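Participant: Below are the structure tokens for one structure; questions will follow.
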Amino acid sequence: MANPNGNAALFFDLGGTLVKLNESREIPLDANGNIVIELLPNVADKLRPMHNHLMFVVTNQAGITRGRLKLENVEAALAQLDHLLGDILTGWQICPHTDDDHCQCRKPRGGMITDLAEMYGVDLAVSTMVGDQEVDRLAGEAAGVANFIAAKDFFGW
Ligand SMILES: [Mg+2]
Ligand SMILES: [Zn+2]
């Protein structure tokens, strides 16, 4: 898990942390069912200067299993987000499962974070998780991420 020779990284939740959610706290869709990506305040200004950091997005998208979303649309939305930020994201992981699937990736479990850490040589003991929900904090903790910062504090809302 920990990689003492690795790099520090930032792990971000998606909805409510980097992008806006709808009134039902879901990723918004347009009339054609495409995901609408709208950055939350200060996100671009804060992240663009950090382009030399390893930065990842780890997102629960159970709507894929429930049929509201398609995996390829979520992938495309993340690519669009990365483009909006100036191509600064190092990578991302999407959990498509529901609680019933008992997967290792759905937050509050840490599987998405530990997978990325292994792939990119991240030292979690010097890394940070940023999120808007308790499941984000717990996922970071489960993965061995040293720090958690609430999205509202990280972005100064
Ligand atoms: Mg969130
Ligand atoms: Zn999963």
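The values are calculated or read from the model by the stated rules, or taken from the named source; none is laboratory data. All values reported here derive from a predicted model rather than from experimental measurement. Glycine also receives a Cβ, built like all others from the backbone with ideal geometry; neighbour counts cover every protein chain displayed. Each accessible area value is taken on the protein alone, full model and side chains, heavy atoms only, with ligands, DNA and RNA left out. Shrake-Rupley method; radii C 1.70, N 1.55, O 1.52, S 1.80 Å.
Participant: Which residues, taken from segment 1-21, are at pLDDT 95 or above, open to solvent by less than 70 Å² (accessible area, probe 1.4 Å) and not hydrophobic (A, V, I, L, M, F, W, C)? Give the derivation first.
Facilitator: Applying the first criterion (at pLDDT 95 or above) to segment 1-21 yields 8-21.
If we keep only those that are open to solvent by less than 70 Å² (accessible area, probe 1.4 Å) as well, we get 8-19, 21.
Scanning segment 1-21 gives D13, G15, G16, T17.
Participant: Now for a separate question. When T90 is evaluated against the numbered criteria (1) more than 26 Å from G33 (Cα to Cα); (2) surrounded by fewer than 16 Cβ atoms within 10 Å (Cβ to Cβ), which criterion, by number, is the only one it fails?
Facilitator: Condition (2) is where T90 drops out.
Participant: With respect to E134, determine if the residue is more than 16 Å from ligand 1 (Cβ to nearest atom), at pLDDT 95 or above, open to solvent by 80 Å² or more (accessible area, probe 1.4 Å) and out of contact with any Asp or Glu (no Cβ under 8 Å at 6 or more places or on another chain).
Facilitator: No.
Participant: Within segment 84-97, is there a residue that is over 24 Å from F154 (Cα atoms) and either without any contact (Cβ under 8 Å) to a residue 40 or more places away in the chain or more than 11 Å from the chain's Cα centre (by Cα) (or both)?
Facilitator: Of segment 84-97, the ones over 24 Å from F154 (Cα atoms) are 96-97.
Next cut, either without any contact (Cβ under 8 Å) to a residue 40 or more places away in the chain or more than 11 Å from the chain's Cα centre (by Cα) (or both) only: 96-97.
Among the residues of segment 84-97, at least one is over 24 Å from F154 (Cα atoms) and either without any contact (Cβ under 8 Å) to a residue 40 or more places away in the chain or more than 11 Å from the chain's Cα centre (by Cα) (or both), which makes the answer yes.
Participant: Mind checking which residues of segment 112-131 are assigned to a loop (DSSP other than H, G, I, E, B) and either at pLDDT below 95 or over 16 Å from the mean Cα position of the chain (by Cα) (or both)?
Facilitator: Of all residues in segment 112-131, those assigned to a loop (DSSP other than H, G, I, E, B) come to 121, 123, 127.
The answer is G121, D123.
Participant: Which numbered condition in (1) open to solvent by less than 80 Å² (accessible area, probe 1.4 Å); (2) within 15 Å of the chain's Cα centre (by Cα) is the only one that Q80 fails?
Facilitator: Evaluating Q80 over (1) open to solvent by less than 80 Å² (accessible area, probe 1.4 Å); (2) within 15 Å of the chain's Cα centre (by Cα) leaves (1) as the failure.
Participant: Just one of (1) modelled with pLDDT of 95 or more; (2) more than 19 Å from Q93 (Cα to Cα); (3) among the hydroxyl-bearing types (S, T, Y) trips up S24, so point out which.
Facilitator: S24 satisfies every listed condition except (1).
Participant: Next up: So which residues in segment 105-129 are open to solvent by 10 Å² or more (accessible area, probe 1.4 Å), touching a Gly at 6+ places or on another chain (Cβ under 6 Å) and in contact (Cβ under 8 Å) with a residue 40 or more places away in the chain, if there are any at all?
Facilitator: Within segment 105-129, G121, D123 qualify.
Participant: Separate question: Restricting to segment 22-67, name every residue that is over 21 Å from G86 (Cα atoms) and either exposed (fewer than 12 other Cβ atoms within 10 Å of the Cβ) or of a type in the set (F, W, Y) (or both). Walk me through it before giving the result.
Facilitator: Pass one, segment 22-67, residues over 21 Å from G86 (Cα atoms): 22-34, 60-67.
Residues satisfying the conditions are N22, E23, S24, R25, D30, A31, N32, G33, R66, G67.
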